[in-house]
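Take a look at the structure below.
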Amino acid sequence: MIISKRSAGAACALLAALTIGFLAPGAASADDEPGTAAADTPTAKVDLVLDVSGSMSTRDIDGQTRMTAAKQAFDQVIDTVPSGVDLGIRTLGATYPGKSLKVGCKDTKQLYPVGPLDREEAKTAVGTLEPTGWTPIGPALLAAAKDLSGGDGSRRIVLISDGEDTCSPPDPCDVAREIAAKGVHLTVDTLGLVPDTKTQAQLSCIAEATGGTYTSVKHRAELSGRVGQLVHRAASATNTPVATSGTGDCSTAPKLGPGLYSDREEFAQHRWYRVDVPAGQELRASVSVADDRQVDPDYGVLLRAVTVHGREIVRGQQEGSGRTDVISAGLRYPHPDTGTGDDGDAAPAETVCLEVSNSYSAPTSTKRTPGLPVELAVNLVDAPHAASDAAAFGLGRGWWLIGTLIVVGFAAGIVWGWVSRWRVAIWRSN
């Protein structure tokens, strides 16, 4: 049987045109919306924390010492720091070559203060560094967090080290958790220079505790590229969560509006929050809980919406088995508009209690405090015409497109079949 490619192409073109026609209005309306970027974007702050301990003299990065490779990488990064970023440089182990643990573990200083960047001055400061002493990562992180205090922009520490901390306590992982628990929304990214297993594990733990990333580096180009990427990432606009503190019951829970919130929750704990949902609005809430330390496999997160009288409205839950370090759950609750009351006033808002709970457990050696990081997103949108429509029309206007494509596809199939039979009949008659 001979089938015309021209006919098949025409059918495909028809479906494509219909799809574009339905999608175009939505795209146009999105483009027509005014820009939401603020004219005065908060200044981002980045503190580069560099290990200058004696082991940085090891020659194993592209035939150079680790210190030389780090200096060259810093020079490249300094040249490309974007506007809107205040950059600082802190060192650890740069000044004390002796053997006193007490003195060596205080060896961290601000080489270049966090602020508007003078590129030549910053390069000159980096050029004076020589591998010297100890590796006090914990004290350096605490000092770097103070370097970045103040302001409304994003804050990021980029830690570059070739070895694990030599000054524990304080344990750098615990320090990172304490920083995250303060709700200052400071991210720590870590890079390991030719790391061994212990170094990799410690630097990974520091990054995970604050929502940062860990990168293993064996070449200078990898180092400069990754540090530059992280500095530019700090300049990108972000939605910073607002710190809040849930309570043990709904009556004393904090009242939340639309937005992004952060909290801490201990193992198997229940935390409560309240949201007022106006009539004709739909509550959309989601929660993410991160296991920033070793936990047992098989766990879950539950998000429930409950009335002030304790009746459950809806719930969302998710289970995990250790394959991921973040688990999320969400729910939707439409509060239908019942019209005005007898006195002509609008229907009152309904107070909805949100309960966040988890079923995490951990080995006895795992520290329970601070609690696990929690991020809660709350949004209020126009509700469907009827509460029952929420599940059926979850795609909104997208259902019209899907229905149209089904009808068009069915009609095209009938026409195509008729044309094919007609062409076969002509072919046989000839």
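Values in this text are rule-based calculations from the coordinates and carry no lab data. Please read these numbers as outputs of a predicted model, since none were measured by experiment. We place every Cβ from the backbone using ideal geometry, glycine too, and count neighbours over all the protein chains shown.
Once you order the gyration tensor axes a ≥ b ≥ c over the Cα atoms, which shape class does the range 254-295 get: rounded for a/c under 1.5, otherwise prolate or oblate by comparing a/b with b/c? Mind showing how you got there, number by number?
Details: a/c = 3.03, a/b = 2.45, b/c = 1.24.
Here the range 254-295 falls in the prolate category.
From largest to smallest, the equivalent ellipsoid semi-axes obtained for the range 132-285 from the alpha-carbon gyration tensor read 35, 18, 13 Å.
Counting every Cα pair in the range 61-135, what percent are over 19 Å apart? In whole percent, the share of Cα-Cα pairs in the range 61-135 beyond 19 Å is 42. Computed from backbone phi, the HN-Hα couplings of the range 109-125 come to 8, 7, 6, 9, x, 5, x, x, 8, 9, 4, 5, 5, 5, 5, 4, 5 Hz, rounded to whole numbers (Karplus: 6.51 cos²θ - 1.76 cosθ + 1.60, θ = phi - 60°; Gly and Pro given as x).
Spatial offset of the range 355-376 relative to the range 121-166 amounts to 29 Å, using the alpha carbon center of each.
Segment Arg423..Ala411, full-extension length gain: 2.5 nm, with 0.36 nm per residue of separation and the alpha-carbon distance subtracted.
Taking the Cα centre as origin and putting +1 on Lys and Arg beta-carbons and -1 on Asp and Glu beta-carbons, what dipole magnitude results for the range 116-185, to the nearest 20 debye?
Result for the range 116-185 is approximately 280 debye, rounded to the nearest 20.
Here Lys182 is the anchor, and the aspartates and glutamates within straight C-alpha reach of less than 12 Å, apart from those fewer than 8 places off in the same chain, are Asp263.
With a cut-off of 19 Å on the backbone N, the residues of the range 137-156 near the modelled label site 7 Å out from Lys102 along Cα-Cβ are 139.
In this rough spin-label picture, where each label sits 7 Å from Cα along the Cβ direction, the Thr41-Val326 distance is 2.1 nm. Here's the list of aspartates and glutamates a cross-link from Lys218 could span, going by alpha-carbon distance under 19 Å and ignoring same-chain residues fewer than 8 apart: Asp51, Asp60, Asp62, Asp75, Asp162, Glu164, Asp189, Asp196. The slack between Thr128 and Ala221, meaning 0.36 nm per residue of separation minus the straight C-alpha distance, is 31.3 nm.
Between Asp75 and Thr351, what is the FRET efficiency for a Förster distance of 35 Å, r being their Cβ-Cβ separation, to the nearest 0.05? Step by step, r from the Cβ atoms, then E = 0.05.
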